[in-house]
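Undergrad: Can you keep this structure in mind? I'll have questions shortly.
The values are calculated or read from the model by the stated rules, or taken from the named source; none is laboratory data. On a predicted model such as this, the values are computed, not experimentally measured, just so you know. Cβ atoms come from the backbone with ideal geometry, glycine included; neighbour counts cover every protein chain shown.
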Amino acid sequence: MTVGYSHRMSEATVRRASATDADSLAFVAAVTFPLACPPHTTREAAATFVLEHLSASAFRSYLADRERLVLVAEQDGEPIGYTMIVFGEPHDADVAAAITLRPASELSKCYVLPGHHGKGVAATLMRASIDAARERGAVGIWLGVNQENERAQRFYAKSGFTRVGIKRFFVGGRWEDDYVFEQALTPIE
């Protein structure tokens, strides 16, 4: 891995996002977030969540936060996916009780546009995210995934994560049940 979290794959590059990426990240989020929602989540509920938490303004805030790192995957200069890593102790009591590895980082977001699924983009984003957490001193990385999102659960298991608990996630005016997955990180040598 080169400086700046730059990973190359056959058709795309993963790099650290900057403030100039906020609009593009918001677009990718608006397309991909609804895909991760449970089937009963209405379009309106997903759109409201995107507006409140995944807008360009929200991304500008995330990108300015020293305790977060956003990585963007691009193909031909266009964003096709992103991840967000949150460094530090989890604020959610259910997560804090479930994870066993400290210090830990959270893989808060991991999304790829539908036309790029199955092409190694998510796996490359995942490797770059794990590298970033490890470089920041984490010995574990965790994430939450909706219990009905079996496709994502399979990907996370394939990526080395193990289910360790449950937590709740508020979207569309209701609480959803998420699994908490965790992975041990090997130290940097």
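Undergrad: Looking for whichever is over 16 Å from residue 84 (Cα atoms), among the small types (Gly, Ala, Ser) and modelled with pLDDT of 95 or more here; the options are 160, 173, 144. Which one fits?
TA: Details: 173 fails: modelled with pLDDT of 95 or more; 144 fails: over 16 Å from residue 84 (Cα atoms).
One residue alone meets the criteria, 160.
Undergrad: Can you tell me which residue among 52, 106, 89, 74 is assigned to a helix (DSSP H, G or I) and of a type in the set (Asp, Glu)?
TA: Of 52, 106, 89, 74, the one residue that is assigned to a helix (DSSP H, G or I) and of a type in the set (Asp, Glu) is 52.
Undergrad: Is it fair to say residue 111 is over 15 Å from residue 144 (Cα atoms), in contact (Cβ under 8 Å) with a residue 40 or more places away in the chain, aromatic (Phe, Trp, Tyr) and in a strand (DSSP E or B)?
TA: When the stated conditions are applied, residue 111 does not pass them.
Undergrad: Follow-up question, since we're still on this one. Please go through the stretch 16-64 and pick out each residue that is farther than 21 Å from residue 78 by Cβ, surrounded by fewer than 17 Cβ atoms within 10 Å (Cβ to Cβ) and among the hydroxyl-bearing types (Ser, Thr, Tyr).
TA: Matches in the stretch 16-64: 42, 48, 57, 61.
Undergrad: Can you name the number of the only condition in (1) farther than 17 Å from residue 36 by Cβ; (2) aliphatic (A, V, I, L, M); (3) part of a strand (DSSP E or B) that residue 95 fails?
TA: For residue 95, the exception is condition (3).
Undergrad: Still on this structure: Can you tell me which residues in the stretch 84-129 are under 11 Å from the mean Cα position of the chain (by Cα) and of a type in the set (A, V, I, L, M, F, W, C)?
TA: Those that are under 11 Å from the mean Cα position of the chain (by Cα) and of a type in the set (A, V, I, L, M, F, W, C): 84, 85, 86, 107, 110, 112, 122, 125, 126.
Undergrad: While we're on this one: Go through 64, 30, 46 for me and flag whichever is out of contact with any Pro (no Cβ under 7 Å at 6 or more places or on another chain) and either at pLDDT below 95 or under 25 Å from residue 175 (Cα atoms) (or both).
TA: On the way: 64 fails: either at pLDDT below 95 or under 25 Å from residue 175 (Cα atoms) (or both); 46 fails: out of contact with any Pro (no Cβ under 7 Å at 6 or more places or on another chain).
The unique qualifying residue is 30.
For every residue, the table says whether it meets (1) more than 20 Å from residue 16 (Cα to Cα); (2) loosely packed, with under 13 Cβ neighbours inside 10 Å.
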site: 90; (1), (2): yes, no
site: 120; (1), (2): no, no
site: 156; (1), (2): yes, no
site: 175; (1), (2): yes, yes
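Residues are listed down the side, and each one gets a yes or a no for (1) closer than 19 Å to residue 168 by Cβ; (2) not β-branched (Val, Ile, Thr):
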| site | (1), (2) |
| --- | --- |
| 58 | no, yes |
| 71 | no, yes |
| 76 | no, yes |
| 83 | no, no |
| 96 | yes, yes |
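Undergrad: Please go through the stretch 132-148 and pick out each residue that is in a helix (DSSP H, G or I) and either out of contact with any Phe, Trp or Tyr (no Cβ under 7 Å at 6 or more places or on another chain) or among the β-branched types (Val, Ile, Thr) (or both).
TA: Within the stretch 132-148, 133, 134, 135 meet the criteria.
Yes or no, residue by residue, for (1) farther than 23 Å from residue 142 by Cα; (2) part of a strand (DSSP E or B):
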| position | (1), (2) |
| --- | --- |
| 23 | yes, no |
| 28 | no, no |
| 33 | no, no |
| 61 | no, no |
| 69 | no, yes |
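Undergrad: So residue 134 passes all but one of these: (1) of a type in the set (Lys, Arg); (2) out of contact with any Ser or Thr (no Cβ under 8 Å at 6 or more places or on another chain); (3) within 19 Å of residue 70 (Cβ to Cβ). Which condition number does it fail?
TA: The failed condition is (2).
Undergrad: How many residues does the stretch 145-173 contain that are touching a residue at least 24 places away in the same chain (Cβ under 8 Å) and under 20 Å from residue 47 (Cα atoms)?
TA: 9
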